[in-house]
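Novice: Submitted below is the structure of interest, expressed as structure tokens.
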Amino acid sequence: MMIEALSLERTKQAVGALGFTMSAKPMEFHGGKVHMHRVSKIEADTEETLVLDLLIVTPDIRQAWESRMKVEWEGGSLSVVSPEGLILLKSLRRSGQDQDDIQYLRSILDED
């Protein structure tokens, strides 16, 4: 989930009410370009650990935030990162899977 820094505490409270009460130490990647807060919960029925990463908007990834788009889902509206924004985020990591995903996302954009 991508959020602005000013929303961090309010977001943690909201997801805490959903059981995401275990917090990891805040993380930074790529020389501080990416800031992330990880919260987790253990699902009671399955004992599976569910992880929610809160990606903080920084100047280096603000373009991904600003290019969000609205999609309809299950009777509501969600704000999601655009394909271009996802390419920006994945280009920072550059794993093999990310490179495959970038190629796929570009192919979708080329179809339009």
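Computed from the coordinates by the stated procedures, all read-outs in this text should not be read as laboratory data. All figures in this text were calculated on a predicted structure; none of them were measured in a lab. Counting neighbours? That spans all protein chains shown, and the Cβs are built from the backbone with ideal geometry, glycine included.
Novice: Glu84 - would you say it is under 23 Å from His35 (Cβ atoms) and either without any contact (Cβ under 8 Å) to a residue 12 or more places away in the chain or outside any strand (DSSP E or B) (or both)?
Specialist: yes
Novice: Residue check: is Asp110 charged (D, E, K, R), surrounded by 14 or more Cβ atoms within 10 Å (Cβ to Cβ), part of a helix (DSSP H, G or I) and more than 14 Å from the chain's Cα centre (by Cα)?
Specialist: no
Novice: State all residues of segment 43-68 that are under 21 Å from Leu8 (Cα atoms) and either surrounded by fewer than 17 Cβ atoms within 10 Å (Cβ to Cβ) or polar (S, T, N, Q) (or both); if no residue qualifies, say none.
Specialist: Residues satisfying the conditions are Leu50, Val51, Leu52, Asp53, Thr58, Pro59, Asp60, Arg62, Gln63, Glu66, Ser67, Arg68.
Novice: Exactly one condition in (1) closer than 27 Å to Ser91 by Cα; (2) touching a strand residue (DSSP E or B) at 6+ places or on another chain (Cβ under 9 Å) is false for Leu6; which is it?
Specialist: Only one criterion in (1) closer than 27 Å to Ser91 by Cα; (2) touching a strand residue (DSSP E or B) at 6+ places or on another chain (Cβ under 9 Å) is unmet by Leu6, namely (2).
Novice: List every residue pair whose Cβ atoms lie under 7 Å apart, where the two residues are 6 or more positions apart in sequence or sit on different chains, the first residue falls within segment 1-26 and is closer than 21 Å to Leu78 by Cα, and the second residue, located anywhere, is of a type in the set (S, T, N, Q).
Specialist: Once the first residue is closer than 21 Å to Leu78 by Cα and sits in segment 1-26, its partners that are of a type in the set (S, T, N, Q) give Ile3/Thr11; Phe20/Ser40.
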